[in-house]
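Values quoted throughout were computed directly from the atomic coordinates according to the rules given, and no laboratory measurement underlies them. The model shown is predicted, which means the values in this text are computed figures rather than measured ones. Cβ: placed from backbone, ideal geometry, glycine included. Neighbour counts: every protein chain shown.
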Amino acid sequence: MMRTRPLKVALLGCGVVGSEVARIMTTTADDLAARIGAPVELAGIAVRRAGRVRPGVPEHLITTDAEALVNRGDIDVVVEVVGGIEPSKSLLLSAFEQGASVVSANKALLAQDGTELHAAAAAAGVDLYYEAAVAGAIPLLRPLRESLAGDKVNRVLGIVNGTTNFILDKMDTTGAGYSEALEEATALGYAEADPTADVEGFDAAAKAAILAGIAFHTKVTAADVYREGITEVTAADIASAKAMGCVVKLLAICERAADGESVTARVHPAMIPLSHPLASVREAYNAVFVEAEAAGRLMFYGPGAGGSPTASAVLGDLVAVCRNKLAGATGPGDSLYTRLPAKPMDEVVTRYHVSLDVDDRAGVLAQVASVFAEHGVSIDTVRQQGRDGDASLVVVTHRATDAALSATVDKLRALDSVRDVASIMRVEGE
Ligand SMILES: NC(=O)c1ccc[n+]([C@@H]2O[C@H](COP(=O)([O-])OP(=O)(O)OC[C@H]3O[C@@H](n4cnc5c(N)ncnc54)[C@H](O)[C@@H]3O)[C@@H](O)[C@H]2O)c1
Ligand SMILES: N[C@@H](CCO)C(=O)O
Ligand code: NA
């Protein structure tokens with residue numbers, strides 16, 4: 001039977017995502033009510049600046065006082081699509097104190113203070129859902145937390161930032177420049193308010209922390225995630241990847257150590273073979289592989305950014321927390337029972353593509369090869385191209401630890417015959 005008293009929703013933020021949430025809530029109100037078992041009413045929309053034209057957004061609901069909206073006493077659910085740490089964190093804590101459940105798209109906040117926020121939600125007996133925070137529209141956190149709750153996840157690997165995938169894809173396929181591609185991604189609503197979060201890998205690192213925490217049932221924060229962005233990726237790297245039958249992607253990789261005693265989470269550009277399914281992930285699409293002991297390899301794919309895809313995930317969470325409210329229940333919260341520590345990057349083992357500018361003379365190749373050998377880093381292939389007076393040397397290694405590779409590169413830099421270490425990139429997915 002349908003409850004007639006509506007569930008009241010406070011929407012915090014009405015930008016790229018918030019305006020789409022408001023639009024879908026308004027245009028699909030009857031369907032949402034039928035699915036939930038009660039009408040949902042948009043009770044207020046908090047923004048930073050009033051007076052802007054927001055097509056399709058009811059003007060009378062707009063306020064610049066988010067705190068007053070959250071604390072007005074009759075809010076059942078707070079939807080936070082503001083972003084950033086403050087005032088979002090304080091607003092969420094106020095929502096819990098008021099007995100409201102929260103739906104958020106804020107990966108930066110969840111990756112930094114997720115444990116504290118989950119504890120506050122649990123103490124208040126309400127929900128904290130954030131499917132939109134990782135991989136936009138793709139159902140990923142709920143499958144990990146609920147569908148795979150009976151399995152053991154060992155690895156999560158994927159493309160989780162739409163903006164950087166869009167930029168790398170444009171650079172690779174159309175030869176577009178970096179700035180031009182970034183401008184286009186921003187205009188399409190994919191980039192964060194400050195796109196540094198995207199291009200320097202902070203956004204993907206926050207998502208990796210959230211994924212690792214849920215996948216391995218342990219606390220992982222953004223500070224535990226090794227992070228490199230795409231700002232140092234050059235056209236030469238992309239060309240070198242092509243020559244090897246590879247493509248450059250920004251990857252998030254979360255792994256349980258072979259001994260099961262620790263986890264690692266890292267975000268960095270990597271070369272992956274064209275035959276790998278992630279190589280064909282184009283534009284702002286995201287794709288994530290989850291490797292679980294019983295299930296095997298699962299792949300989640302879809303739009304990872306943009307107003308309407310992200311709003312889809314927010315609305316899905318809104319329906320879920322409303323249903324829980326009506327049932328007088330809460331969904332699954334944080335699960336941190338394994339308490340596995342996050343291991344530093346030094347111990348991660350992978351393959352490397354090292355590009356060097358060297359003197360073009362007898363003995364240099366042998367000298368370079370011996371530095372790799374000294375550090376126990378085995379070479380897979382070497383490609384050399386002579387130029388006027390110097391040569392470009394591209395070395396691809398077998399699997400080695402990050403520590404061994406770093407020591408190798410330090411020693412190479414000190415050689416007179418090595419003029420420059422032009423780039424170092426990991427090779428994944430083989
Ligand atoms: N855009 C995407 O593709 C996407 C995808 C997934 C998740 N997200 C996340 O969703 C959130 C919102 O992203 P967006 O792209 O819509 O950002 P946006 O910058 O377009 O919108 C932010 C909104 O928050 C409002 N705001 C800012 N400070 C405020 C304050 N103090 N009080 C009230 N309102 C305030 C702004 O007025 C604006 O309406 C972020 O956490 C982002 O990481 C975005
Ligand atoms: N800026 C983010 C939004 C989606 O979380 C991205 O480009 O993936
Ligand atoms: Na998602």
Query - Förster-model FRET efficiency, 51 Å R0, L415 and T174, C-beta, rounded to 0.05 - result: 0.85
**Report entry** Net charge of Cβ neighbours under 14 Å - reference V281; Lys, Arg +1; Asp, Glu -1
**Finding:** -1
**Report entry** Antiparallel bridges, percent of DSSP beta bridges restricted to the chain (to nearest 5)
**Finding:** 70 percent
Query raised in the report: Applying the Karplus parametrisation 6.51 cos²θ - 1.76 cosθ + 1.60 with θ = phi - 60° to the phi angles of region 94-109, what ³J(HN,Hα) value in whole Hz is obtained for each residue in order, glycine and proline being reported as x?
Result: 5, 4, 4, 4, 7, x, 8, 7, 10, 10, 9, 10, 8, 5, 4, 5
Query raised in the report: Taking the Cα centre of each part, how many Å lie between region 1-22 and region 97-152?
Result: 18 Å
Query raised in the report: In debye to the nearest 20, how big a dipole does region 320-430 give about its Cα centre with +1 on each Lys and Arg Cβ and -1 on each Asp and Glu Cβ?
Result: 720 debye
**Report entry** Separation of the E430 and T196 label points, Cα + 7 Å toward Cβ, nm
**Finding:** 3.6 nm
Report task. Hey, can you grab everything whose amide H is under 5 Å from the amide H of K8? Only 5+ residues off in sequence or another chain; H modelled, so Pro and N-termini drop out. Result -> E41, D76, V77
Query raised in the report: For region 135-191, taking Cα atoms only, what is the radius of gyration to one decimal and the Dmax to the nearest whole Å?
Result: 15.7, 46
Query raised in the report: Between A373 and H398, what length in nm is gained on full extension when 0.36 nm per residue of separation is reduced by their alpha carbon distance?
Result: 7.8 nm
Report summary line: Expected sort for 372-381, 264-273, 282-291, 238-247 on mean C-beta neighbours within 10 Å, highest first, is 264-273, 282-291, 238-247, 372-381
Report summary line: Everything considered on the Cα gyration tensor (a ≥ b ≥ c; rounded for a/c under 1.5, else prolate if a/b is larger than b/c, else oblate), region 1-107 must be described as oblate
Report task. Only Cα pairs under 8 Å and at least 6 apart count here; give the relative contact order of region 347-427 as a rounded whole percent. Result -> 49 percent
**Report entry** In Å, descending, principal axis extents of the Cα set of the chain
**Finding:** 85, 47, 33
Query raised in the report: Counting alpha carbon pairs within less than 8 Å and at least 6 residues apart, what relative contact order, in whole percent, applies to the chain?
Result: 16 percent
Query raised in the report: So if R0 is 30 Å, what FRET efficiency would T186 and M244 give, r being the distance between their Cβ atoms, rounded to the nearest 0.05?
Result: 0.45
Report summary line: Measuring from the longest principal axis of the C-alpha atoms of the chain, the long axis of helix 178-187 (C-alpha) lies at a number of degrees, nearest 10, equal to 10 degrees
